[in-house]
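Throughout, read-outs are computed from the coordinates displayed, never taken from laboratory work. Being a predicted model, the structure only gives us computed values, none of them experimental. Glycine gets a Cβ as well: all are built from the backbone with ideal geometry, and neighbour counts include every protein chain shown.
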């Protein structure tokens, strides 16, 4: 008579997102971030990248890199980042140009008004208020108002201290003088976000269409280059 013993079967449970036998998450060291991005509906992921592209210091290139690292299609991530960055820069250029036009218009009107006032003052000075008659008339007015002697009006000179420029703005202006708008726009991401670059160029008097053209070229170029580099890095790390 033989007796057979059957060992009970063991049941294993795998937690979602747990590491495999090798101890590494799928997707390499970026697996946790890809899982986090995967919780966002796929149709909304480009919108999130677009919004990130409108944030200074992240911009199109930074948001595209985040999308690639998060497992998005590199082309979709790059296009979403470019669109978000361009929309923000366009808004800055539009508002900045309107503000500059308003400031320049006020200066022109105040300048023309000053010229007209000085002309009228000169005419009156050469007329009834000139010479001894003018002095007597002023003296009579002063006596009737209870003013003795001569009145001296001291107008303090307005002192304006220029706001110190940041290093990025100084570099941008040096590039603008040396390379013009095209070169400064292409090099500007090394010193300033594109939003700040666009505002500086428009405030300097560069036509808004010219600013928008070269900012678009710079955004597309930098976003494409960094998207390609990020795609290669993710492929190497995940392999």
Checklist entry - For the range 75-93 and the range 186-239, what is the separation of their Cα centres, given in Å? => result 10 Å
Checklist outcome for this item: Here, residue 169 and residue 100, labelled 7 Å along Cα→Cβ, have an inter-label distance in nm of 1.5 nm
Checklist outcome for this item: Ranked on Cβ counts within 10 Å of their own Cβ, fewest leading, 210, 32, 175, 222 go 32, 210, 175, 222
Item to check | the range 43-107 - Debye-derived log10 I(q)/I(0), Cα point model, q = 0.19, 0.21 Å⁻¹ | outcome: -0.62, -0.70
Checklist outcome for this item: Taking only the alpha-carbon positions of the range 157-239 as identical scatterers, the Debye log10 I(q)/I(0) at q = 0.18, 0.20, 0.21 Å⁻¹ comes out as -0.77, -0.87, -0.92
Checklist entry - Which order results if 224, 231 are arranged by neighbouring Cβ count within 10 Å, fewest first? => result 224, 231
Item to check | Cβ crowding within 10 Å averaged over residues, with 201-208, 182-189 ranked highest first | outcome: 182-189, 201-208
